[in-house]
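Have a look at the structure below before the remarks.
Nothing in this text is a laboratory measurement; each read-out follows from the coordinates by a stated rule. Since this is a predicted model, take the numbers as computed values, not measurements.
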Amino acid sequence: MEQCTRVAFKRLFLREGLMRRLQGQVVYGEPFVAIDESQVADDAQSAASFLAELPLDSWRYRYVKRALDIVLGLVMLLVFLIPGILIATALYVSTPYPVFYTEERIGRRGVPFRIWKFRSMRPHNAVPHVAGLHSEGSVLQWRMLKHENDPRITPIGRFLRRWSLDELPQLINVLRGEMSLIGPRPVVKAETKLYKQLLPYYLAATPGLSGLWQISGRSDLDYEARSKLDATYVQTWSLGADFKISVKTIPAVLCRVGAR
């Protein structure tokens with residue numbers, strides 16, 4: 001009996017250790033306190049108030065787009081299942097860090113959700129000259145001005161980011177309804193203030209794996225250009241526009257436009 005108990009505890013310990021390696025936590029800890037919760041709620045309410053005036057309130061957006069997300073998301077999940085397993089295995093054996101990286105992002109109507117990615121960076125406190133940068137301004141600077149030689153990016157992570165393979169786990173977010181295949185790129189709470197008066201447009205849409213920003217230069221664009229692209233997407237949304245973006249995503253990924 002005692003031996004069985006020891007074996008059970010050993011299995012539990014190993015399983016919990018494996019889960020810690022797989023799941024991981026936010027790279028930056030919790031330094032994002034750029035705006036208070038009431039501000040996000042007010043902006044989300046403002047977004048909801050003019051939804052009826054936008055194409056996003058149509059049955060095509062709510063039902064047809066969602067149906068396409070589910071069907072195409074399942075197909076993509078099956079296609080990338082084997083590559084995803086190989087990537088996860090490579091990350092598990094090549095680095096001491098968790099395989100997956102999770103972070104809270106702001107979704108439609110200001111509802112927060114956890115985004116999933118393959119880990120491409122070392123934890124924030126694992127890089128000596130970066131570990132002390134916990135201020136809001138410093139963190140936002142690192143996020144906005146992505147450098148080619150960012151010391152936090154691991155060798156395998158650099159490859160994943162170059163081909164956007166680190167974003168494959170977000171297909172789970174798509175199937176859960178937290179994201180769409182096409183839409184504004186999801187942001188953290190601190191970044192919402194950078195949208196300024198255009199924030200309600202971002203909050204009116206479901207964040208996407210790809211969108212106008214992703215096919216227009218990604219990290220090569222500043223936030224002013226990004227917010228205008230998101231506003232344009234929301235104001236002019238249609239199923240045809242989503243199709244055009246999805247087609248243009250392929251060459252953008254293969255040519256690594258703005259990928260860092």
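Close amide-amide hydrogen proximity is noted between Glu103 and Ile115, each under 5 Å apart and 5 or more residues distant or on a separate chain (H modeled in the peptide plane; Pro and chain starts excluded).
Pairs Lys189/Lys244; Lys117/Lys193; Lys65/Lys248; Lys189/Lys228: which are spaced more than 26 Å apart, C-alpha to C-alpha?
Lys189/Lys244
Here's how it looks for Ile182: its modeled amide H is under 5 Å from those of Leu209, Ser210, which are all 5 or more places away or on a different chain.
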